[in-house]
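The values are calculated or read from the model by the stated rules, or taken from the named source; none is laboratory data. No experiment lies behind these values; they were computed from the predicted model shown. FYI the Cβ positions are ideal-geometry reconstructions off the backbone, even for glycines, and counts take in every protein chain you see.
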Amino acid sequence: MEAKAQARYVRVTPTKARRVVDLIRGKQAMQAVAVLQFAPQAAGEPVLKVVQSAIANARDKAEKASQPFDERLLVVSAAYVDEGPTMKRIRPRAQGRAFRINKRTCHITVEVAPRETARTGSEASTKGRTR
């Protein structure tokens, strides 16, 4: 049972969140949770919440369809970070100048699926990537 979770407008820069998401792409869901719990990056916490939400969504979907559910079979089939809106702020500087501060946001998306139906290869890794 495939499931998806998304966190929008997260106040983490997309590049920093992508570094964390790259750690868990293609791993088993329970292993991804363990990696994120001990990740030193600040972006690990919102990504962890999204992964846990995707697992809960899969459990809920399986219960509604009256299918057996096993968390250990779930794999992070797709995980990507898209850029959200940027809040622009002004920082006063010397001699009447002003510098701009960009407070970037991102949208984090995680999809989990049972091992046999998980996406593989380039389809899972290139979704949402700009490079």
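Restricting Tyr9, Tyr80 to residues that are in contact with a Cys (Cβ under 9 Å, 6 or more places away or on another chain), aromatic (Phe, Trp, Tyr) and in contact (Cβ under 8 Å) with a residue 12 or more places away in the chain narrows the list to Tyr9. The set of residues from segment 1-38 being part of a helix (DSSP H, G or I) and more than 16 Å from Cys106 (Cα to Cα) comprises Leu23, Ile24, Ala29, Met30, Gln31, Ala32, Val33, Ala34, Val35, Leu36, Gln37.
Can you tell me which residue in segment 103-117 is nearest to Thr13 (Cα to Cα), limited to those that are out of contact with any strand residue (DSSP E or B) (no Cβ under 6 Å at 6 or more places or on another chain) and either in contact (Cβ under 8 Å) with a residue 12 or more places away in the chain or surrounded by 19 or more Cβ atoms within 10 Å (Cβ to Cβ) (or both)?
Among them, the one singled out is Arg104.
Of the residues Pro85, Pro40, Pro46, which single one is surrounded by 16 or more Cβ atoms within 10 Å (Cβ to Cβ) and over 28 Å from Glu116 (Cβ atoms)? Of Pro85, Pro40, Pro46, the one residue that is surrounded by 16 or more Cβ atoms within 10 Å (Cβ to Cβ) and over 28 Å from Glu116 (Cβ atoms) is Pro46. Considering segment 77-115, the residues that are over 24 Å from Gln28 (Cβ atoms) and of a type in the set (Ser, Thr, Tyr) include one that is nearest to the chain's Cα centre (by Cα), namely Thr105.
The residues in segment 88-128 that are closer than 21 Å to Val50 by Cβ, at pLDDT 95 or above and either out of contact with any Asp or Glu (no Cβ under 9 Å at 6 or more places or on another chain) or not in a strand (DSSP E or B) (or both) can be counted, and the count is 4. Looking only at segment 64-80, decide whether some residue is crowded, with 17+ Cβ neighbours inside 10 Å and in contact with a Leu (Cβ under 7 Å, 6 or more places away or on another chain). No: segment 64-80 contains no residue that is crowded, with 17+ Cβ neighbours inside 10 Å and in contact with a Leu (Cβ under 7 Å, 6 or more places away or on another chain). For the condition modelled with pLDDT of 95 or more, surrounded by 15 or more Cβ atoms within 10 Å (Cβ to Cβ) and under 9 Å from the mean Cα position of the chain (by Cα), Ala32 does not qualify. Please determine whether any residue of segment 60-74 is touching a residue at least 12 places away in the same chain (Cβ under 8 Å) and within 15 Å of Ala17 (Cβ to Cβ). No, every residue in segment 60-74 fails to be touching a residue at least 12 places away in the same chain (Cβ under 8 Å) and within 15 Å of Ala17 (Cβ to Cβ). The set of residues from segment 39-73 being more than 14 Å from the chain's Cα centre (by Cα), in a loop (DSSP other than H, G, I, E, B) and of a type in the set (S, T, N, Q) comprises Ser66, Gln67.
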